[in-house]
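Everything on this sheet refers to the single structure shown next.
The values are calculated or read from the model by the stated rules, or taken from the named source; none is laboratory data. Here the structure is a predicted model, which is why all the values come from computation and not from measurement. Every residue, glycine as well, gets a Cβ built from its backbone with ideal geometry; the counts of neighbours run over all protein chains shown. Surface accessibility is based on the protein's heavy atoms, side chains included, excluding ligands, DNA and RNA. Shrake-Rupley method; radii C 1.70, N 1.55, O 1.52, S 1.80 Å.
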Amino acid sequence: MHLPDFREARTRDKREYKSVVYQLNAEMKNKYHGKTYFIKTYGCQMNEHDSENISALLESIGFMKADSYLDADLVLLNTCSIRENAHNKAFGMLGRLKHLKNEKRDLLIGLCGCMAQEVGVVEEILKDYPFVNFVFGTHNLNELPNILDKAIEENKQQIEVHSREGDLYEGLPVVRANPYKAYVNIIYGCDKFCTYCIVPYTRGRERSRKKEDILKEIDELIHDGYKEVTLLGQNVNAYGKDLYDDYNLGDLLEEIALKDIPRIRFMTSHPWDFTDKMIEVIGKYPNIMPSVHLPVQSGSSRILKLMGRRYTREEYLTLFHKIQDTVPGVSLSTDIIVGFPGESEEDFLETLSLVEECKFDNAFTFIFSQREGTPACKLKDEISTEEKEERLQRLNEIVNHYFLENNQKLIGTSVKVLVEGISEKKGMYYGYSETNKLINFSSDKEIQAGDIVSVEIIEAKTWSLDGRVL
Ligand code: 5AD
Ligand code: SF4
């Protein structure tokens, strides 16, 4: 048994890590042939992509995907810790699984992802959730076949969570959820330690993959007919800092842009690490999508300081406008937290005025959530729940107003869309534009998923646009 420990998780040192090529134990291959699995994924794209690796690891030992958790022999929850409601959802699901296990004695239940890295969660599982068969963390996905095998063979709960990141595993198998759009990890972990955020504790220190490994994966994706790659990291802008003296995200983007891949995206970018070279490269290559997710978190320099964000309101705005001026037609999106401890009405109004200035194309807005073990958890939180909810609502009204206003500007223009398929609800084709807007559209011509088509925009809504193929 290995239990997590946040004190250990927050340590950062110059310890070398290796890239190791993953290999399945030969005797595990297809060992569980005929069994079925279901993964419920919470949280960000990192988790979604981890679930693509987890699916493939399970399939390598013989499991097949079930359509619903009700039909599966194994249900695995890939969890998220970022806010309390993500926590509550996973525990709610564990409650439902407890009932299911009363009826299906052989049901296997596993928990992994960010919540598995939290001491409190693991203690709760040990105490009150004996029916959970195994828990593993974000640093040891590669051990899943062995941990699961041990849980089955020994018929005993397995808790295998490492607080410190180990080696980087290359060549993990993957079953991708989309045949045309692929996620590619470029950097793991985060060293920023924003005071509200649990990610540096659950995902460990920043570790970049070697550029050769990333470029090889992209070559394989191109060979397999993928049209879009999204480079993933908690903070992609820190790419390369831990490995190279003179090679960063700008250089990586440029090398990928010279390949025959129609669409390149990347997320998420911390404003602190955004260099002029990156902006220049994003503006220069038409296959780097003009879409930047640039979380601001607050419009008040005082709150940004308390958040440990390392930039002021003015510095954010300067960067924002530099990107807007350099990258033609760029869309910028953001994340905003309201109700951070000590946020006054004046601070909040500064957030609203920043939104008025930036007119974001998309924004994810949250109420501050206390995360055990983070510095902000210890700050006095005197704002009432009603006040926080009211601020969120006021903020949402303004951000939504700009989503619609920006979308309305597109009426009558033509946008390029990567076709995903036909939406069951609307009976229309759908896909995403270069600026990552959801487009529903009709077509007189025969088109297929994976095509990139030009669509004339006819109608604008807050979160999508309607159009027809030209
Ligand atoms: N409370 C509320 N929102 C948070 N985020 C991260 N931590 C917290 C927290 N404790 C938000 C930030 C981040 C996004 C992924 O989640 O806005 O950019
Ligand atoms: Fe969390 Fe800040 Fe790292 Fe983003 S940059 S993952 S908000 S600590």
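Let's test the formula: R0 of 41 Å, r as the Cβ-Cβ distance of residue 23 and residue 384. What FRET efficiency results, to the nearest 0.05? Walk me through the numbers on the way to the answer.
On the way: r = 55 Å, r/R0 = 1.34.
E between residue 23 and residue 384, to the nearest 0.05, is 0.15.
Work from the charge dipole of the chain (Cβ charges, +1 for Lys and Arg, -1 for Asp and Glu, about the Cα centre) and give the residue of 408, 140, 28 farthest towards its positive end.
Going by the Cα projections, it comes out as 28.
Report the extension gain between residue 413 and residue 45 in nm, rounded to one decimal, defined as 0.36 nm multiplied by the number of residues separating them, less their alpha carbon distance.
Details: separation 368, 0.36 × 368 = 132.48 nm, distance 3.03 nm.
Once the chain is fully extended between residue 413 and residue 45, it gains 129.4 nm.
Suppose every K and R has +1 on its Cβ and every D and E has -1 on its Cβ; what is the size of the dipole of the chain about the Cα centre, in Debye to the nearest 20? Please list the in-between numbers first.
Numbers: 60 positive and 76 negative charges, 108 e Å.
Dipole of the chain, to the nearest 20 debye: 520 debye.
So how strong a dipole does region 293-408 carry about its Cα centre when Lys and Arg Cβ are +1 and Asp and Glu Cβ are -1, to the nearest 20 debye?
On the way: 13 positive and 21 negative charges, 110 e Å.
For region 293-408, the charge dipole is close to 520 debye.
How much accessible area per residue does the chain have, in Å², with a 1.4 Å probe?
Working: 21310 Å² over 470 residues.
On a per-residue basis, 45 Å².
Dividing the alpha-carbon Rg of region 293-408 by 2.2 N^0.38 Å yields what? Let's see the in-between values first.
Details: Rg = 14.3 Å, N = 116, 2.2 N^0.38 = 13.4 Å.
Compactness ratio reported: 1.07.
Too long at a 19 Å Cα-Cα cut-off: which of 437/461; 14/192; 40/388? If you can, show how the numbers build up before the last one.
Values: 437/461 11 Å; 14/192 16 Å; 40/388 30 Å.
40/388, as the Cα separations exceed 19 Å there.
Give the relative contact order (percent, whole number) for the chain; include only Cα pairs under 8 Å separated by 6+ residues. Don't jump to the answer; show the numbers that get you there.
Working: 921 pairs, mean separation 50.3, N = 470.
Contact order relative to length: 11 percent.
Ignoring any ligand, DNA or RNA, what whole percent of the accessible area of region 293-408 comes from carbon and sulfur when the probe is 1.4 angstrom?
Values: 2600 of 5190 Å².
Of all accessible area on region 293-408, carbon and sulfur atoms account for 50 percent.
Could you check how much of the accessible area of region 133-220 is carbon and sulfur, as a whole percent, using a 1.4 Å probe? Please report the intermediate quantities before stating the final value.
Details: 1420 of 3040 Å².
Here it works out to 47 percent.
Counting only residues 5 or more places away or on other chains, whose amide H sits under 5 Å from the amide H of residue 5 once H atoms are built in the peptide plane?
163
Find how much the distance from residue 30 to residue 168 grows on full extension, using 0.36 nm per residue of separation minus their present alpha carbon separation; answer in nm with one decimal. Don't jump to the answer; show the numbers that get you there.
Details: separation 138, 0.36 × 138 = 49.68 nm, distance 2.49 nm.
Here the answer is 47.2 nm.
How fast does region 6-160 diffuse by Stokes-Einstein, in µm²/s, taking the Kirkwood radius from C-alpha pairs at 10 °C and 1.306 mPa s?
Value of D from the Cα-based Kirkwood radius: 98 µm²/s.
Can you pull the percent of Cα pairs in the chain with separation above 41 Å?
Working: 21261 of 110215 pairs.
Counting every Cα pair in the chain, those more than 41 Å apart make up 19 percent.
Give me P(r) over region 142-272, computed from all C-alpha to C-alpha distances, binned every 10 Å, as integer percentages.
Spelled out bin by bin, region 142-272 gives 11, 36, 31, 17, 4, 0 percent.
From zero up to wherever the largest Cα-Cα distance of region 370-468 sits, split into 10 Å bins and tell me the percent of pairs in each.
Answer for region 370-468: a P(r) of 14, 33, 19, 16, 15, 3, 0 percent.
So how strong a dipole does region 414-469 carry about its Cα centre when Lys and Arg Cβ are +1 and Asp and Glu Cβ are -1, to the nearest 20 debye? Numbers along the way, then the final one.
Values: 7 positive and 9 negative charges, 32 e Å.
That gives region 414-469 a dipole magnitude of about 160 debye.
Ignoring ligands, DNA and RNA, what percent of the accessible area of region 414-469 is carbon or sulfur (1.4 Å)? Walk me through the intermediate numbers first.
Details: 1300 of 2970 Å².
Accessible surface attributable to carbon and sulfur in region 414-469 totals 44 percent.
Sort 12-19, 177-184 by the packing proxy (mean of other Cβ within 10 Å over each peptide's residues), most packed first. Walk me through the intermediate numbers first.
Numbers: 12-19: 9.5, 177-184: 18.6.
The most tightly packed comes first, giving 177-184, 12-19.
Around residue 145, with a cut-off of 13 angstrom between Cβ atoms, what is the net charge of the other residues, counting Lys and Arg +1 and Asp and Glu -1?
-2
Please figure out what share of the DSSP beta bridges in region 178-289 is antiparallel and state it in percent, rounded to the nearest 5. Don't skip to the answer; put the middle values down first.
Working: 2 of 13 bridges.
Within region 178-289, antiparallel bridges account for around 15 percent of the total.
Give me the orientation-averaged projected area of the Cα convex hull of region 414-469, in nm², one decimal. Could the numbers behind the result be given before it?
Numbers: hull surface 13.7 nm².
Dividing the Cα hull surface by four gives the mean projection, 3.4 nm².
Mind checking the full-extension length gain between residue 244 and residue 462? Use 0.36 nm per residue of separation minus the Cα-Cα distance, one decimal, nm.
Numbers: separation 218, 0.36 × 218 = 78.48 nm, distance 4.24 nm.
Here the segment from residue 244 to residue 462 would lengthen by 74.2 nm.
Indicate, rounded to the nearest 5 percent, the antiparallel portion of the DSSP beta bridges found entirely in the chain. List each step's numbers first, then the result.
On the way: 21 of 68 bridges.
Around 30 percent antiparallel, to the nearest 5.
Give the long-range amide H neighbours of residue 266: residues separated by 5 or more places, or on another chain, with amide H under 5 Å away, using H modelled in the peptide plane at 1.01 Å from N.
Hits under the 5 Å cutoff: 231.
Which residue, 39, 90, 56, has the largest displacement toward the positive end of the dipole of region 6-160 when charges sit on each Cβ (Lys, Arg +1; Asp, Glu -1)?
Checking the options against the dipole of region 6-160, the answer is 90.
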